[in-house]
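For reference, the structure is listed below as structure tokens.
The values are calculated or read from the model by the stated rules, or taken from the named source; none is laboratory data. Everything numeric in this text was worked out from a predicted model, so none of it was measured. Cβ sites come from the backbone with ideal geometry, for glycine too, and all protein chains shown count toward neighbours.
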Amino acid sequence: MTLVTDNIMTTGMSGMFGNQVVFRQRDGRTIAAKKPRKHGSATAAQEAHKKRFLKAVDYARKALADPELKAMYEVNAGVGATAYNMAVADALTAPVIEHIETQGYTSAHGGMIMVSVYKKFRLRSVSVRIALDDGTLLEKGEAVQVNGSREWQYTPAAPSPVATGVKVTALATDLPGNTAEFSVTF
């Protein structure tokens, strides 16, 4: 890829030249690149990624129609990126649950379960499910974000009925609908 500057012949040019060079515009600059080429038929993994990418593009178009979401993505767009690029990236990246802290739940009534979740952009929700090893559901509910940080807090309705054999599962969902699930057993 070549960046063209101060050339009256190519500045503002876009399209293919001589079936070899492609010119395009990005941030008011002219970029010259080698003509892209196809490499035979796509594999199953490539087709799956293509479908994922098309869903991300669809999400980005819908997100940019919402002024609040568009503003959020514009703020995060760096040099050479757009709100559209950021929305596509958001749709292609799932949240990551880093840690679940259950010490507050096992200590006393009113204790807290803390879930640490990483996501560059906003999360829609973090839900917590508490069950016994045999699958018996003790309770479930939504966690609340702590001061815009990575930490989400869930307040159980009752303390743990047993000292061991309890599974706490967190499910984080972002704006495009990607999910991440993480469990700890104590």
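Show me the strands (runs of 3 or more DSSP E) entirely contained within segment 88-158 in which 1 or more residues are touching a residue at least 40 places away in the same chain (Cβ under 8 Å) and closer than 30 Å to Y73 by Cα.
96-101, 113-118, 123-132, 151-154
Identify the single condition in (1) among the aliphatic types (A, V, I, L, M); (2) assigned to a loop (DSSP other than H, G, I, E, B); (3) in contact with a strand residue (DSSP E or B) (Cβ under 8 Å, 6 or more places away or on another chain) that A170 does not satisfy, given that it satisfies every other one.
Among (1) among the aliphatic types (A, V, I, L, M); (2) assigned to a loop (DSSP other than H, G, I, E, B); (3) in contact with a strand residue (DSSP E or B) (Cβ under 8 Å, 6 or more places away or on another chain), A170 violates only (2).
In segment 159-186, which residues are loosely packed, with under 11 Cβ neighbours inside 10 Å and in contact (Cβ under 8 Å) with a residue 24 or more places away in the chain?
A163
Please work out if A48 is outside the structural domain of V168 (by TED's automatic domain parsing), closer than 25 Å to V126 by Cα and over 16 Å from the mean Cα position of the chain (by Cα).
no
What number goes with the only condition from (1) in a helix (DSSP H, G or I); (2) surrounded by 13 or more Cβ atoms within 10 Å (Cβ to Cβ); (3) not acidic (D, E) that T30 does not pass?
Of the numbered conditions (1) in a helix (DSSP H, G or I); (2) surrounded by 13 or more Cβ atoms within 10 Å (Cβ to Cβ); (3) not acidic (D, E), the odd one out for T30 is (1).
Within segment 72-87, track down each residue that is among the aliphatic types (A, V, I, L, M), in a helix (DSSP H, G or I) and either surrounded by 15 or more Cβ atoms within 10 Å (Cβ to Cβ) or at pLDDT 95 or above (or both). Explain how you work it out, then say what you get.
Start the filter on segment 72-87 by keeping residues that are among the aliphatic types (A, V, I, L, M), which leaves 72, 75, 77, 79, 81, 83, 86-87.
Going one step further and asking which of them are in a helix (DSSP H, G or I), we end up with 72, 75, 83, 86-87.
M72, A83, M86, A87, listed by residue number.
(1) closer than 30 Å to R26 by Cα; (2) surrounded by 13 or more Cβ atoms within 10 Å (Cβ to Cβ); (3) not assigned by TED's automatic domain parsing to the domain that holds Y59: which one isn't true of K120, the others all being true?
(2)
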